[in-house]
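Structure record follows, encoded as structure tokens.
The values are calculated or read from the model by the stated rules, or taken from the named source; none is laboratory data. A quick note: this is a predicted structure, and the numbers were derived from the prediction, not measured. Please note: Cβ atoms are built from the backbone with ideal geometry, for glycine as well, and neighbour counts cover all protein chains shown.
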Amino acid sequence: MQAALLEARASFEHSGNKGSAVEESVRVVLRKYLPRVAAVGHGEVVDSQGNRSRQTDIVVVSEDHPRIYEESQPSLFLVEGVTAAGEVKSVLTSEELRRSVEAASIFKRLRADPGKGAMTHSNPSDLARFGKCPPYFLFALESEISRDKIAQVMNELFAEDPTRMDGNLDAILVLGRGLWIHLGDGQGAFAVLKPDGELASGWFFPRSEYLLYDFIAWLTIVMPRVIRAAPILASYLLESGSLDDIRTQKR
């Protein structure tokens with residue numbers, strides 16, 4: 001997978017906008033390795049109450065999402081049809097990390113309405129974390145800051161505002177440097193046993209040679225799966241502002 005990402009990145013480096021090219025290289029890899037029912041685009045995500053994310057580099061979309069988006073163009077997505085989202089950084093700095101935390105905080109304000117009769121396949125811990133808003137991650141190809149510095153910045157941010165722990169980044173991947181996964185209360189489907197046999201909770205730092213594989217494994221496991229009895233668009237038809245945004249997007 002990492003070879004595929006490096007190959008995609010190299011091919012896109014010849015295009016005009018290198019930043020956009022790097023983001024697309026990550027989307028290419030996710031399209032290849034995530035479950036086939038998932039599509040991967042980019043743009044903004046909204047909910048039926050009018051909340052809106054920032055421009056988002058990675059938006060993973062379920063098969064329930066209406067085809068009102070284009071994978072190759074920035075689009076508008078409905079949070080009920082989004083199973084994960086995240087940012088891509090060519091080079092991670094302390095300031096970029098803080099910006100990603102802020103973007104994640106805004107994204108986590110979105111609230112998905114599953115609709116009547118919907119069934120979400122998840123355990124209670126993951127349902128509490130991701131049932132109303134899907135996981136949000138940061139994906140960096142390189143970093144100017146060390147593993148310890150990344151942990152320090154995250155700890156400082158959470159010390160400033162403890163509420164960020166549950167409403168923020170769920171994973172950070174820096175290729176060749178490290179992977180950080182927030183396990184929540186440790187009771188989720190992606191669980192880790194500590195040497196003493198207890199379940200790990202909070203931030204977990206896998207010591208592995210296969211960081212990209214571990215990241216995609218985590219993402220595949222925690223993405224919410226919903227069986228719906230009603231179409232996603234139904235709740236938006238009652239909100240004229242949201243519907244106007246969708247009509248504008250289609251035009």
Q.
Looking only at the stretch 212-228, count every residue that is in contact (Cβ under 8 Å) with a residue 40 or more places away in the chain and out of contact with any Gly (no Cβ under 7 Å at 6 or more places or on another chain) and tell me the total.
A. 11
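Conditions (1) within 28 Å of Glu156 (Cβ to Cβ); (2) at pLDDT below 85; (3) part of a strand (DSSP E or B); (4) in contact with a Ser or Thr (Cβ under 9 Å, 6 or more places away or on another chain), marked per residue:
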{"position": "Gln187", "(1), (2), (3), (4)": "yes, no, no, yes"}
{"position": "Asp214", "(1), (2), (3), (4)": "yes, no, no, yes"}
{"position": "Ala230", "(1), (2), (3), (4)": "no, yes, no, no"}
{"position": "Ala234", "(1), (2), (3), (4)": "no, yes, no, no"}
{"position": "Ser242", "(1), (2), (3), (4)": "no, yes, no, yes"}
{"position": "Gln249", "(1), (2), (3), (4)": "no, yes, no, yes"}
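Could you pull out every one of the strands (runs of 3 or more DSSP E) wholly within the stretch 21-129 that has 3 or more residues that are touching a Pro at 6+ places or on another chain (Cβ under 9 Å) and touching a residue at least 40 places away in the same chain (Cβ under 8 Å)?
Answer list for the stretch 21-129: 82-92.
Name the one entry in Leu34, Leu78 that is within 22 Å of Gly178 (Cβ to Cβ) and at pLDDT 90 or above.
Of the residues listed, the single one that is within 22 Å of Gly178 (Cβ to Cβ) and at pLDDT 90 or above is Leu34.
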Q) Would you pick out the residues in the stretch 185-197 that are surrounded by 10 or more Cβ atoms within 10 Å (Cβ to Cβ) and not polar (S, T, N, Q)? A) Asp185, Gly186, Gly188, Ala189, Phe190, Ala191, Val192, Leu193, Lys194
(Q) Can you tell me which of (1) surrounded by 15 or more Cβ atoms within 10 Å (Cβ to Cβ); (2) more than 18 Å from the chain's Cα centre (by Cα); (3) part of a helix (DSSP H, G or I) is the one Glu156 doesn't meet? (A) (1)
Q: Go through the stretch 144-179 residue by residue and tally those that are modelled with pLDDT under 80 and of a type in the set (Ser, Thr, Tyr).
A: 1
(Q) Restricting to the stretch 44-98, count the residues that are of a type in the set (D, E, K, R), under 17 Å from Phe137 (Cα atoms) and touching a Lys or Arg at 6+ places or on another chain (Cβ under 7 Å). (A) 2
Q.
I'd like to check something: does the stretch 106-120 contain any residue that is among the aliphatic types (A, V, I, L, M) and buried (at least 23 other Cβ atoms within 10 Å of the Cβ)?
A. yes
Q) From the list Ser48, Ser72, which one is buried (at least 16 other Cβ atoms within 10 Å of the Cβ) and over 21 Å from Leu211 (Cα atoms)? A) Ser48
